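Scroll down for the structure; my scribbles are underneath it.
No lab work stands behind these numbers, since they all come straight from the coordinates. Since this is a predicted model, take the numbers as computed values, not measurements. Glycine gets a Cβ as well: all are built from the backbone with ideal geometry, and neighbour counts include every protein chain shown.
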Amino acid sequence: MADINIEEAKKNLEKKGFLDLEIDVNLDLFSEIERLKIKKNAIVLAHYYQEPDIQDVADFIGDSLALAQKAQSTNADIIVFAGVHFMAETAKILNPHKKVLLPDLKAGCSLADSAPAGLFKKFKEKYHDHLVITYINCSAEIKALSDIICTSSNAEAIINSLPKDQKIIFAPDKNLGAYLIKKTGRDMVLWNGSCMVHEIFSLEKITKLKMRHPNAKVIAHPECVEAILKEADFIGSTSGLLKYTVQNPATEFIVATESGILHQMQIKSPLKTFIPAPPNNSCACNNCPYMKLNTLEKLYLCMEYEEPEIIMDEKLIQASKKPIERMLEISKKFGL
Ligand code: 13P
Ligand code: SF4
């Protein structure tokens, strides 16, 4: 995530007195956000890890692939991205002439941060004959160094679409990479990155939960470490997990991903029980500190003042757009 963006946005906000603004406690933020959507022809896109209030007010909720697809097809003039920086940046890359807003510009991603562009460029130079497939959770600079972008819902299809003898670097998530090596049988070179949220689920606590809920299905996101994935009855992207809880006849699920997804699971299956898998600390559930930087108040303020905005260099937009478009084309071909 480019720090300069944060500094620029901060200056703009300070100029407008935004940072000192206190929101009237009597203001109905839900109806204010609806009013601003119409007034500004704005669309609110939210990831499943956002707080429930934000999901409730969003026009569209999805996983990283669905959000990128929606960002590509929207007719709105302003895209308000309730998610993290790399997601809003992807929306901007696909819509260079639209205004893309992120309620809190500090909403980064530990996985994206685990792949600094300079180091990755040097790493890539060691593998001249390899194609670079990169998980969307990375900076635009890393995307520009990649051949194809993928998400957790299309990674397997994208890898399988390549000739069997094609050598591949997979970055930045080593856990997702290891899972994909198993699924596809490809011997990929992995970058050593990971997500701080998915790495800290406690195997011991999940095992105890399974004993207390013997009929519960364990479902996990492929960013989790192998020991957790081994316990899972089903592994999938956030939308894959959500679909599984709707379609599977089980009535109890232990959910090993960020706990924000439980809101949609509960809405779609009100009679089922969803238990967040606990992390190896004193918390009962696992929240992404970056995703949760966005609040309903910040969402309202960013729509009212049209700040903080994602600003990108034109050349970087062009270079990072190609591998994203390649991902979207392949996904379309496979009906994803
Ligand atoms: P998906 O919603 O694409 O599965 O991604 C999960 C995630 O960690 C996003 O940051
Ligand atoms: Fe990044 Fe992990 Fe948070 Fe997703 S959950 S935004 S991968 S830190």
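Odds and ends about this structure:
- Positive contributions from Lys and Arg (+1) and negative ones from Asp and Glu (-1), summed over other residues with Cβ under 14 Å from the Cβ of Lys143, come out at +2.
- Taking 0.890 mPa s as the viscosity and 25 °C as the temperature, the Stokes-Einstein diffusion coefficient of segment 200-336 based on its alpha-carbon Kirkwood radius rounds to 140 µm²/s.
- Estimated at 0.36 nm per residue, the fully extended path between Lys106 and Asn280 surpasses their Cα-Cα distance by 60.1 nm.
- 5 angstrom amide H check on Cys150, placed H, neighbours 5+ away: Thr134, Tyr135, Ile136
- Other-chain or far-sequence residues with amide H under 5 Å of Tyr49's (modelled H): none
- Prolate/oblate/rounded label for segment 263-336 (Cα gyration tensor, a/c 1.5): oblate
- Estimated vicinal HN-Hα couplings, Hz - segment 98-109 in sequence order (Karplus 6.51, -1.76, 1.60; Gly, Pro = x): 9, 7, 10, 10, 10, x, 9, 5, 7, 6, x, 6
- Normalising the average separation of contacting C-alpha pairs (under 8 angstrom, six or more residues apart) by the number of residues puts the relative contact order of the chain at 22 percent.
- Charged side chains reduced to their Cβ positions (Lys and Arg at +1, Asp and Glu at -1) give the chain a dipole of some 1200 debye around its Cα centre.
- The average projected area of the chain, computed from the convex hull of its Cα atoms over all directions, is 17.7 nm².
- Coil-residue chymotrypsin sites (Phe, Trp or Tyr not before Pro) of segment 175-207, DSSP, other Cβ within 10 Å capped at 15: none
- The helix-only estimate of mean residue ellipticity at 222 nm for the chain, built from DSSP H runs of length n ≥ 4 each weighted as -39500 (n - 2.57), is -12500 deg cm²/dmol after division by the residue total.
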